[in-house]
Amino acid sequence: MASLSLKNINKTYPNGFVAVKDFNLEIADKEFIIFVGPSGCGKSTTLRMIAGLEEISSGELWIGDKLVNDVEPKDRDIAMVFQNYALYPHMSVFDNMAFGLKLRKTPKDKIDKLVHEAAKILDIEHLLDRKPKALSGGQRQRVAMGRAIVRNPKVFLMDEPLSNLDAKLRVQMRIEISKLHQRLETTIIYVTHDQTEALTLGTRIVVMKDGLVQQVDSPIDLYTKP
Ligand code: ADP
Ligand code: ADP
């Protein structure tokens, strides 16, 4: 539940490589923004700067009315879902989902409530005692989303969340993500290579190339413009 503002954002890596150039974008509350573009065009770098996992070289990043350039990742009210799920293998599903809440010193009974609520939404209540290795790919992806939604973040960042799933599961999870977006009324920024995902999920699609934003359009305009 937040607007985002990216103002003239640039990223130069320590080796001198310029990965993102003059990125400008105003994102409204509850938008579903898609980043597309060839491998290496700067999509993940941009996402990681928004999450605070990568320093912004120059420019300003605003979440709501707060300039967050120097705000730590855990204080940004942002949750990120990765392609490889990034679950802790030695922890149960419950503990994986509770991790971010424990880190933020949430009381135990509240953690319990939030984890069970999220597990219910994602239909993984019956899996809470399992370890990640005892889950299917689709179940792992649900857990990864669960650990993001327990925190009720203002902004979700998803980096190719479905690309490791088979085609059938991808369709199913795409529909679930769409429902989740409506239900949670959250702002989502979503990186994908999949044209169907981009066109069906996005309110707007940002096309990147060589670190530059080439085009920003609604799915309909992108599809029908010459
Ligand atoms: P995408 O997500 O669009 O595939 P990335 O944001 O991952 O692209 O990468 C953008 C460019 O930055 C690529 O050319 C990549 O090789 C480069 N890059 C990514 N991380 C680093 C790093 N730590 N140091 C130097 N270059 C990097
Ligand atoms: P959560 O997604 O559970 O809320 P956070 O995103 O707050 O967790 O991550 C908490 C910290 O743990 C961050 O510094 C993050 O980089 C790190 N982290 C998250 N997943 C992993 C992982 N699989 N392995 C190592 N560190 C991780």
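The values are calculated or read from the model by the stated rules, or taken from the named source; none is laboratory data. Since the model is a prediction, treat every value here as computed from it, not as a measurement. Surface accessibility is based on the protein's heavy atoms, side chains included, excluding ligands, DNA and RNA. Shrake-Rupley method; radii C 1.70, N 1.55, O 1.52, S 1.80 Å.
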Looking at the chain as a GNM with Cα springs under 10 Å, which of ASN24, ASN15, ASN69 has the largest mean-square fluctuation? ASN15
For all pairs of alpha-carbon atoms in the stretch 160-226, what percent lies in each bin of width 5 Å, listed from the first bin to the last filled one? 3, 15, 25, 24, 18, 11, 3, 0
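Under the rule of -39500 (n - 2.57) per DSSP H run of 4 or more residues, summed and divided by the residues of the chain, what mean residue ellipticity at 222 nm is obtained, to the nearest 500 deg cm²/dmol? The partial results should precede the final answer.
Values: 7 runs with 78 residues, N = 226.
For the chain, the value works out to -10500 deg cm²/dmol.
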Reachable lysines from LYS179, criterion Cα separation under 22 angstrom, eight or more residues apart if same chain: LYS30, LYS113, LYS120, LYS154, LYS168
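Leaving out ligands, DNA and RNA, and with a 1.4 Å probe, what % of the accessible surface on the chain is carbon or sulfur? Before the final figure, lay out the partial values.
On the way: 5740 of 11370 Å².
Here carbon and sulfur together make up 50 percent of the probe-accessible area.
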Taking a probe of 1.4 angstrom, what is the accessible area of GLU55 in Å², to the nearest 10? 140 Å²
Under 5 Å from the placed amide H of GLU54, counting only residues 5+ away or on other chains, we find MET49
Candidates THR45, THR203, THR106, ranked by Gaussian network fluctuation over the chain, Cα under 10 Å, top entry: THR106
Note to self: with every protein chain in place and a 1.4 Å probe, the chain gives an accessible area per residue in Å² of 50 Å²
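A 18 angstrom limit on the alpha carbon distance is what I want to check against. Which of LYS74/LYS105; LYS105/LYS133; LYS74/LYS102; LYS21/LYS43; LYS21/LYS209 exceed it? All intermediate terms of the calculation are to be shown ahead of the outcome.
Values: LYS74/LYS105 12 Å; LYS105/LYS133 27 Å; LYS74/LYS102 12 Å; LYS21/LYS43 12 Å; LYS21/LYS209 10 Å.
Beyond 18 Å between Cα atoms: LYS105/LYS133.
Of all DSSP beta bridges in the chain, what percent run antiparallel (nearest 5)? Spell out each step's value before the answer.
Numbers: 18 of 35 bridges.
Antiparallel: roughly 50 percent of the beta bridges in the chain.
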Among bridges DSSP assigns within the stretch 115-226, what percent are antiparallel (round to 5)? 50 percent
Which of GLY146, GLY37, GLY16 moves most in a GNM of the chain, Cα contacts under 10 Å? GLY16
